1. Would it be correct to say that Ile220 is β-branched (Val, Ile, Thr) and open to solvent by 80 Å² or more (accessible area, probe 1.4 Å)?
2. Could you tell me which of the residues Asp213, Asp238, Asp207 is touching a Gly at 6+ places or on another chain (Cβ under 9 Å) and closer than 30 Å to Leu301 by Cα?
3. Could you tell me which numbered condition Ile365 fails, if it satisfies all but one of (1) open to solvent by 30 Å² or more (accessible area, probe 1.4 Å); (2) within 49 Å of the chain's Cα centre (by Cα)?
4. Within the range 394-405, can one find any residue that is modelled with pLDDT of 80 or more and either open to solvent by less than 60 Å² (accessible area, probe 1.4 Å) or outside any helix (DSSP H, G or I) (or both)?
5. Has the range 443-459 got at least one residue that is closer than 30 Å to Pro315 by Cα, open to solvent by 50 Å² or more (accessible area, probe 1.4 Å) and modelled with pLDDT under 85?
6. Against the definition (without any contact (Cβ under 8 Å) to a residue 60 or more places away in the chain, assigned to a helix (DSSP H, G or I) and open to solvent by 40 Å² or more (accessible area, probe 1.4 Å)), how does Gln320 come out, yes or no?
7. Tally time: how many residues in the range 193-217 are open to solvent by 60 Å² or more (accessible area, probe 1.4 Å) and among the polar types (S, T, N, Q)?
8. Condition check: within 22 Å of Lys42 (Cα to Cα), surrounded by 12 or more Cβ atoms within 10 Å (Cβ to Cβ) and modelled with pLDDT under 85. Does Tyr122 satisfy that?
Amino acid sequence: MNNLNLSKKMLLVFLGSIICTILFSFFFIHYLYTDLYKERIKESIMYQGNRTAAHYHYGELSDSIIEKIQWYNIVSEYEIIVVDRLDDLTSHFPYQLDYQMLVDDSDEDILETGQPVMKEGYVKELNREIFGGIFPIKGENGLIGFIYIYVPLAAIQDVFRDSLPIMLLVGTTFFIILFLILQRVWRSLFEPLKTLQTYSESVSKGDYSNRLDSQRSDEIGKLATAFNVMSHSLAEQDQRKKEFTSNIVHELRTPLTYISGYAQLSRDKIDSSPEDVKQYLSTIEKETERLKKLIHDLVELNHLEQDFYTLVNEPIAIAQLLFDTLELFAIRLKDKGIQLQAMIDENLILQGDPKRLQQVFYNTIDNAVKYAERSISIQLAANDYGVIYRIANDGVTIGDEDIARIGERFFRTDKARNRTTGGTGLGLSIVKEIVRLHGGTFNVSNETTETIVTITLPVFDERSEG
């Protein structure tokens with residue numbers, strides 16, 4: 001059964017339903033014949049036999065009485081035999097019942113007590129079953145005679161002769177309607193599945209453009225919706241993979257080109273111009289460090305995205321952590337003449353990983369310093385959710401089409417990838433993942449001439465530790 005496809009299984013179910021219906025109809029008709037028709041005949045014979053025998057209790061079985069019984073035999077549907085002695089019954093009914101004598105010793109004992117004996121069986125000469133009863137007739141001094149009433153049973157096809165055509169017509173109509181319904185269900189179910197199979201094969205080959213009709217509200221519609229969502233997601237992932245490959249090739253090619261070119265120049269001028277060689281080696285060293293940082297950030301981001309990194313959760317004086325990070329940028333802020341405005345709540349306690357949260361502060365401040373022209377504002381305060389960290393810098397704002405992409409790998413708002421700002425294009429991607437691991441939110445927005453990064457983190461509650 002497991003090797004059959006779904007369409008063959010449905011065909012088996014349809015054929016099985018037909019067979020089960022036919023079997024049910026057969027047993028139901030047999031039940032009607034056995035338990036209703038035969039039972040009705042039995043009750044009728046018992047009633048007629050007891051009634052006929054009751055007329056002659058304590059009377060005498062005269063010729064006139066026998067004639068009346070014979071007349072009743074002619075006008076009724078039953079065969080009635082009246083005899084004085086039980087032995088005479090075989091001469092009037094010279095047939096065997098199921099190839100045995102009509103009356104045996106046990107039947108005679110029952111009849112002597114005045115009780116009737118019911119008989120049923122097949123009569124070869126009549127070629128059908130009969131049902132009958134032997135009823136004793138009592139006189140003043142005992143039994144004076146016996147009445148045998150029997151009726152040949154109609155065959156089952158005779159009983160249902162009138163109803164069989166109706167049953168066949170209703171049954172045929174039912175199966176035709178059932179077939180049409182199943183055919184419609186068949187098309188409704190299997191055509192989308194076949195299309196899904198074809199589209200799935202296309203997806204396995206890298207074609208994510210196909211979409212299924214998801215207007216249906218049943219399970220097939222939900223499956224089509226899930227397939228469409230999956231295809232769309234795979235298409236986006238494939239596009240991001242291509243962009244990532246293109247970006248990383250670009251990011252690696254530039255420092256490698258610098259390293260290769262200046263290494264060649266150093267080799268050519270090592271004897272003629274030692275001062276130039278020192279400058280070339282310095283550039284090679286810087287590009288090597290940049291390459292190392294790029295690889296380090298990629299590995300780190302991959303660990304964060306795949307949840308390979310386990311956070312060290314501990315209570316943190318978050319304000320002090322921010323102050324320590326700002327000290328690292330004091331010289332750069334002074335050199336660029338950038339004014340820093342800070343509003344920091346020094347009493348905040350946060351549960352998290354201090355190393356990673358400092359990385360969040362460092363990357364966001366570093367990014368703001370790169371693009372700021374005159375000022376940077378930092379705010380650290382409590383809100384209803386926890387702690388809100390907000391950093392804004394003036395200068396060129398980010399376009400609305402680029403806001404949603406902030407935090408993607410290698411994404412930069414400077415389309416020409418100007419190397420004067422430095423960096424790997426992974427800083428905010430790492431920030432976004434660290435915030436996610438801490439259960440916080442990351443958002444970038446524009447206000448007039450400012451670019452604003454807003455990060456919200458859940459606050460530490462000392463009562464939960466207790």
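The values are calculated or read from the model by the stated rules, or taken from the named source; none is laboratory data. Predicted, not measured: the structure shown is a model, and the values here were computed from it. Backbone-built Cβ (ideal geometry, glycine too); neighbour counts: all protein chains shown. Heads up: the accessible areas ignore ligands, DNA and RNA and are worked out on the full protein's heavy atoms, side chains in. Shrake-Rupley method; radii C 1.70, N 1.55, O 1.52, S 1.80 Å.
1. No; evaluated as a whole, the condition is false for this residue.
2. The conditions single out Asp238.
3. (1)
4. Within the range 394-405, one or more residues are modelled with pLDDT of 80 or more and either open to solvent by less than 60 Å² (accessible area, probe 1.4 Å) or outside any helix (DSSP H, G or I) (or both).
5. For the range 443-459, residues closer than 30 Å to Pro315 by Cα, open to solvent by 50 Å² or more (accessible area, probe 1.4 Å) and modelled with pLDDT under 85: present.
6. Yes.
7. 6
8. Spelling it out, it is not the case that Tyr122 is within 22 Å of Lys42 (Cα to Cα), surrounded by 12 or more Cβ atoms within 10 Å (Cβ to Cβ) and modelled with pLDDT under 85.
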